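**Student:** I'd like to ask you about the structure that follows.
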Amino acid sequence: MEKEKLVLVDGSSIAFRAFFAMHNVLEKFKNPQGLHTNAIFAFDNMLDSILKKSQPSKMLVAFDAGKVTFRTKMYRDYKGNRPHTPGEFQEQLPYIKQLLAARGIQNYELANYEADDIIGTLARQGEAAGCQVTVVTGDRDLTQLVTDQVTVVVTIKGVSELEYYTPEHFQEKLGIKPQQLIDLKALMGDNSDNYPGVTKVGEKTGLKLLHQYGSLENLYAEIDGMKTSKLKEHLLEDEDQARLSQQLATIQCQAPIKVELADLTYQGDQTEELVEFYKEMNFQSKLNKLDISQEQLTSAPPVKYHELTTEQLEDWVATPTEQTVVIEMLNDDYHTEPIIGLAVGNEKEIWVSDQVELLANPQLKACLENPKTPKIVFDYKRTYVALYRHQIQLQGVKFDALLASYLLDVNDNSNDLGELAQSYNYYQLEPDRKFYGQGAKKKVPAASELKQHLANKVAALQFLAQELPPQLQEHDQDQLFEEIELPLALVLAQMEIAGIKVEQGTLQEMQQKLGVRLAELEQDIYRQAGHEFNLNSPQQLSQVLFEEMKLQPLKKTKRGYSTSVAVLEKLKNKAPIITDILNYRQVAKIQSTYVVGLLHSLAQDGKVHTRYQQTLTQTGRLSSVDPNLQNIPVRSEGREIRKSFVASEPDWQLFSSDYSQIELRILAHLSGDENMQQAFRENYDIHAHTAMRIFGLQDIKAVTPDMRRKAKATNFGIVYGISDYGLAQNIGISRTEAAEFIKSYFDQYPKVKLYLDQMVQQAREQGYVETIMHRRRYLPDIHAHNYNVRSFAERTAMNTPIQGSAADVIKIAMINMQEKLQEHQLKTRMLLQVHDELIFEAPTAEIAILEKLVPQVMDSAVQLDIPLKVESAYGLTWYDAKG
DNA sequence: ATCTTCACG
DNA sequence: ACGTACGTGAAGATT
C-alpha cells in the first residue's frame, strides 16, 4: 500500500510571505467592502501548488496563537524586535482561515505555543504512524525536523520559489545533521527571533565548532581542552545564553495539542462554500478556474430564450422596442471570422439562432438598420463590421457595454462580457475563455449549449445596460461616451473596412533584395565569428561577443548579457563585426516584421485591414493590430516600406496631416504657463526656444544644434514625467547635469512644474487623474511603499493627462472629419490614425480641398488657450505623403 | 507563456 | 540607497 501523505503548513509564516510577495499590488487587491485581499489570494495560490504537488490525504495549517508563548516566559525579549504587523495584513488572517475551511483543510492554533511546535508534534506523530510528511514554511528553523520521512519545504522568494530539505540536501547545504541545527542556533543566536547565542559567533564559526565537537553538550564538556582564545572566552562567558538559546531554538515536539492525526483528513474543496468565498473576495479568476457548472455558480434559474426562425421574426419585428444584439464569432479578427450565432432580445423575450442565413432576412436587416430602434451591444465596432459583411449596416446603437466599461476603468480590460458581468457580481454568463476553451482546446460546443450561452450574453448585456450608465454619469463621462467613443467606433469601423492598399509587387521586390543582403551580412558575420550560429538568438550572440571574442558586456538582462542597440553602439569601435550585426538586425527587422509580415496580412482585395483596439490603452490612445499600422518605419531605411502603401483607385493619392507638438501644446494649455504659451502663440521653434531659455541665452540664434537636441529631449522628458536618471540616459550626460537641466527648465516654465506637482497630488488625493474630456485613469500604486512602483505611478500621473488629452483631441477631430467629408460630399476616405496623424486617400481633384479642410477640422477640434498646428503632405505613396 | 529586441507616436 | 523615462505590437527564441 502507498504511504499516507501528511502535509503540515506553517500558516503564520506563509501568510506573511504571501502578503509581502504581493505587496506591490496591495491597493489593487481590495474587495468591494474595502478588505485587502492580496495575502489571501497569494496564500490560495500557494495552496493550489502544494495540493497539486503533494496530493495529501491529510493536511493541517498551523497558526501562532499570539505573542505570548512558553518561549516568551523563558526569555522576555523573544521575538521582541519584530516590527508591528501591518493592519492590512492582520485583517486578512481570519479570511485565510475561512478560505482553509472552504478548501476542506483543517487549521489549528494553540495558546502558549507557536505554529512550529504544532507542526513538530504532528510531524513526529505522523512519522510514527508511517506517513510521508511534508512541512511547508517560510522559516528555515523548521528544517531541524527533517528526517527520511519528513521533508521540509522552505519558500525562498515569494511563495512560488521553493527549496526542498531532505536529509541529503540539508547535509549538502550546511554539512551537519538536521538535529544539529538547534545547537547551531544556540551558538549563533537568531536575529529575527531576537535571541543572542554566543558573542562573535555567527554561522561560519558555529558550523566549525559543531564539526569539531558534534554538539553543544559535547563542546562544553570538552571546553577545558580548547586552547586559549577570544572565542573560548566568549563561549565560557556566554554559556548561559547559549543554553537558553538552545532551548528557544528547540521545536517542542510534544505540545499538548488537542487535534489528532485522524482529524486531519483533507476533505477537498467545499464547492458551495468556496464559490461564496471567492465571490465575497472578488476573485474572478479563481471562480473561473473552478471546475463547476453554471448552475453551481449561480442560484438563479437558466436564462429563457426562443429559437429565432423566419416565422418568429414576424412576431419579433412587430414589437419594435429597444433591442439587445449579440453577433457571435469564435476568434478576434472580425474582418474574416465567420459568424457562428446571433441573439436579439428586448425586455420581454430573447431569441437565439445559430443559423447565420437568417441575416439575409429583409425584416431582420430592416430592424438592425433602423436608426429609430435603439440597440444595446457589446463591442459596437466588432458587431458593425461583422454585420457589414452580411450587407447590413447597423444603426441606432445607443449603448456599448464594452466602451462604457473601458471608460469606467481602463485597468480591467479583459474585453470579455462574462468577466465584465462578474465584476458586477452577475454570474449567469461564463467568460468566453471558459466556455469555448483556450489555445488548442478552443472549439464551438454543441448547438444547444451555444444558444444558451448567447441567450446568457443578451441577459448579461441587459443587466449591464442598467448598471453602467449611472456610473458614467457619476464620472462625468456622458459626453466622452456619447459624443466621442460611441461615434468613434463607427468611424473606426469604416476606416478598417476601407483598408489601405498595399502593392504586393513592391514588397516582393524588397523581399528579394533584402534576402540577398541578409545572406551576405550573415556570411560576413559567421566569417568574423569563426563559425555559424543563430544570429537571431541574443543568447548565442552574446556567447560569441562576450565569451568567444571577449568583448566587454555592458548591461545584464534576466537571462544573460544584453545585446541591444544601446550596448552594441558602444562596442562599435571595438570590433568590425558589431557594425555588421547592427546592420543585420535592422535589415532582418524590416524583412521579417514589415515585408513578410505585411505580405501575410494582405487580404484578397489587395488591401490590409487593421483592427483598432479602442478599449485597450491606459491613456485613451488607440492601438492597431493585425497588422499594426501605427509602427511602420519612418526614421531609417525601413521607410522604404511606405512606398508600398498606395491609394486604392487610379488617379487618387494619399494625403496626410499631423498635429505638430500636440502634447507640448496641451501641456502649455493645461499648465497655463505663460512662457510656454507665448512660445506657441508666437509660433517659435519650441525646442530652440526651450534651449535658449534653459541655457540662458539672449537670442534664439545663439542656440547650437546640440543645445536644441538636449532641449528637445528635456521637453520629451517633461511629457513623460521627468526624472534626472531617465534624461541623463537619454542624452548621455551625467545625472547631476540632467538634474540641473530640469531645475533650470522649471525655473523658466514655473507653472509647468506647478501643474505636474498638482497631478501627482491629485492622484494621491482622489486616486485618479483625468484628461480634458474626463477620461480617467486610476493610479492605486501612487501609495505603494516600493519606491520604484510609486515613482512609476507618479510619472504616469504626470503623463496621462497630457497623452490622454491629445488622444481626446484627435478622436474628436476624426469624428468631425468624417462628418465634413460627408457634408461636402467628398469621395475622400479616412484610412489610418497614427496617434497625432490622419491618413486619407483622395481623388487628386480633392487634394486642394483637403489641404484647407483637414487642418481646419483638426485644429478646431477643441478650443485651447493656445493654437494647435497641423501640417500636411500628399503623394502617390505613404512614403511621399510625409513632410 | 515569457523574454528580448526593435518598430512607431 | 534605491534604479526608470510615457504609450503601444510583432517576431523569434527560449522556457
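The values are calculated or read from the model by the stated rules, or taken from the named source; none is laboratory data. These numbers come from a predicted model, not from an experiment. Neighbour counts run over all protein chains shown; Cβ positions are idealised from the backbone, glycine included. Heads up: the accessible areas ignore ligands, DNA and RNA and are worked out on the full protein's heavy atoms, side chains in. Shrake-Rupley method; radii C 1.70, N 1.55, O 1.52, S 1.80 Å.
**Student:** Identify the residue in the stretch A:642-659 that is among the acidic types (Asp, Glu) and open to solvent by 50 Å² or more (accessible area, probe 1.4 Å) and, among all such residues, is nearest to DNA strand C (Cβ to nearest atom). Explain how you work it out, then say what you get.
**Tutor:** Step one: list which residues in the stretch A:642-659 are among the acidic types (Asp, Glu), which gives A:649, A:651, A:658.
Of the ones still in play, those that are also open to solvent by 50 Å² or more (accessible area, probe 1.4 Å) are A:649, A:651.
Numbers: A:Glu649: 27, A:Asp651: 32 Å.
For the stretch A:642-659, the residue satisfying everything is A:Glu649.
**Student:** Filter the stretch A:599-624 for residues that are in contact with a helix residue (DSSP H, G or I) (Cβ under 7 Å, 6 or more places away or on another chain), open to solvent by less than 40 Å² (accessible area, probe 1.4 Å) and within 30 Å of A:Val410 (Cα to Cα) and give the result.
**Tutor:** Selection gives A:Val608, A:His609, A:Thr610, A:Arg611, A:Tyr612, A:Gln614, A:Thr615, A:Thr619, A:Gly620.
**Student:** Now for a separate question. Which of the strands (runs of 3 or more DSSP E) found entirely inside the stretch A:98-169 contain at least 3 residues meeting this: under 26 Å from A:Leu184 (Cα atoms) and of a type outside the set (Ser, Thr, Tyr)? Give the derivation first.
**Tutor:** Working: elements: A:106-109, A:132-137, A:150-157, A:161-165.
In the stretch A:98-169, the matching strands (runs of 3 or more DSSP E) lie at A:132-137, A:150-157, A:161-165.
**Student:** Give the residue that is farthest from A:Glu637 (Cα to Cα), with candidates limited to residues of the stretch A:555-592 that are near DNA strand B (Cβ under 7 Å from one of its atoms) and hydroxyl-bearing (Ser, Thr, Tyr).
**Tutor:** A:Thr557
**Student:** Looking at the stretch A:31-41, is at least one residue part of a loop (DSSP other than H, G, I, E, B), buried (at least 19 other Cβ atoms within 10 Å of the Cβ) and touching a residue at least 12 places away in the same chain (Cβ under 8 Å)? I'd like the intermediate steps shown before the answer.
**Tutor:** Keep residues of the stretch A:31-41 that are part of a loop (DSSP other than H, G, I, E, B), which gives A:31-35, A:37.
Applying the additional criterion that residues be buried (at least 19 other Cβ atoms within 10 Å of the Cβ) yields A:37.
Filter once more, so that each one left must be touching a residue at least 12 places away in the same chain (Cβ under 8 Å): A:37.
Looking for residues that are part of a loop (DSSP other than H, G, I, E, B), buried (at least 19 other Cβ atoms within 10 Å of the Cβ) and touching a residue at least 12 places away in the same chain (Cβ under 8 Å), one finds at least one in the stretch A:31-41, hence yes.
**Student:** Could I ask something else about it? Only one of A:Thr383, A:Thr373 is modelled with pLDDT under 95 and either on the phi < 0 side of the Ramachandran plot or in a loop (DSSP other than H, G, I, E, B) (or both). Can you tell me which?
**Tutor:** Numbers: A:Thr383 fails: modelled with pLDDT under 95.
Checking each option against the conditions leaves just A:Thr373.
**Student:** Quick check: is even one residue across the stretch A:415-430 over 19 Å from A:Glu295 (Cα atoms) and either in contact with a strand residue (DSSP E or B) (Cβ under 6 Å, 6 or more places away or on another chain) or not hydrophobic (A, V, I, L, M, F, W, C) (or both)?
**Tutor:** Yes: one or more hits.
**Student:** Additional query: For a quick check of your reading: which helices (runs of 4 or more DSSP H) sit entirely within the stretch A:705-817 and have at least 3 residues that are over 30 Å from A:Lys570 (Cβ atoms)?
**Tutor:** Once the helices (runs of 4 or more DSSP H) in the stretch A:705-817 are filtered for at least 3 residues that are over 30 Å from A:Lys570 (Cβ atoms), what remains is A:735-748, A:750-766.
**Student:** If you don't mind, there's one more thing I want to ask. On the given criteria, is A:Leu162 buried (at least 20 other Cβ atoms within 10 Å of the Cβ) and in the same structural domain as A:Met59 (by TED's automatic domain parsing)? Let's see the steps before the verdict.
**Tutor:** Details: buried (at least 20 other Cβ atoms within 10 Å of the Cβ): no; in the same structural domain as A:Met59 (by TED's automatic domain parsing): yes.
When the stated conditions are applied, A:Leu162 does not pass them.
**Student:** Out of the stretch A:69-97, which residues are part of a loop (DSSP other than H, G, I, E, B), open to solvent by 40 Å² or more (accessible area, probe 1.4 Å) and modelled with pLDDT of 90 or more?
**Tutor:** A:Glu91, the sole residue that qualifies.
**Student:** Now for a different question. State whether one or more residues within the stretch A:630-641 are open to solvent by 50 Å² or more (accessible area, probe 1.4 Å), within 31 Å of the chain's Cα centre (by Cα) and within 10 Å of DNA strand C (Cβ to nearest atom).
**Tutor:** yes
**Student:** Within the stretch A:667-684, is even one residue at pLDDT below 95, open to solvent by less than 50 Å² (accessible area, probe 1.4 Å) and within 16 Å of DNA strand C (Cβ to nearest atom)?
**Tutor:** No, there is no match, as no residue in the stretch A:667-684 is at pLDDT below 95, open to solvent by less than 50 Å² (accessible area, probe 1.4 Å) and within 16 Å of DNA strand C (Cβ to nearest atom).
**Student:** Let me ask something else about it. Could you tell me how many of the residues in the stretch A:783-798 are near DNA strand C (Cβ under 10 Å from one of its atoms) and open to solvent by 20 Å² or more (accessible area, probe 1.4 Å)? Lay out the reasoning, then the answer.
**Tutor:** To start, the set of residues in the stretch A:783-798 that are near DNA strand C (Cβ under 10 Å from one of its atoms) comprises A:786-788, A:790-798.
Now drop any that are not open to solvent by 20 Å² or more (accessible area, probe 1.4 Å), which leaves A:786-788, A:790, A:792, A:794-795, A:798.
Residues meeting the conditions: 8.
**Student:** Also, I was wondering about something else. Just wondering, is there one or more residues in the stretch A:526-545 that are outside the structural domain of A:Asn730 (by TED's automatic domain parsing), more than 9 Å from DNA strand B (Cβ to nearest atom) and among the aromatic types (Phe, Trp, Tyr)?
**Tutor:** Yes; the residues of the stretch A:526-545 include at least one that is outside the structural domain of A:Asn730 (by TED's automatic domain parsing), more than 9 Å from DNA strand B (Cβ to nearest atom) and among the aromatic types (Phe, Trp, Tyr).
**Student:** Output the number of residues of the stretch A:369-382 satisfying the condition of being more than 18 Å from A:Tyr334 (Cα to Cα) and out of contact with any Pro (no Cβ under 6 Å at 6 or more places or on another chain). Before the answer, list the steps.
**Tutor:** Within the stretch A:369-382, the subset more than 18 Å from A:Tyr334 (Cα to Cα) is A:369-376.
Remaining after also requiring out of contact with any Pro (no Cβ under 6 Å at 6 or more places or on another chain): A:369-372, A:374-376.
Looking only at that region, the number is 7.
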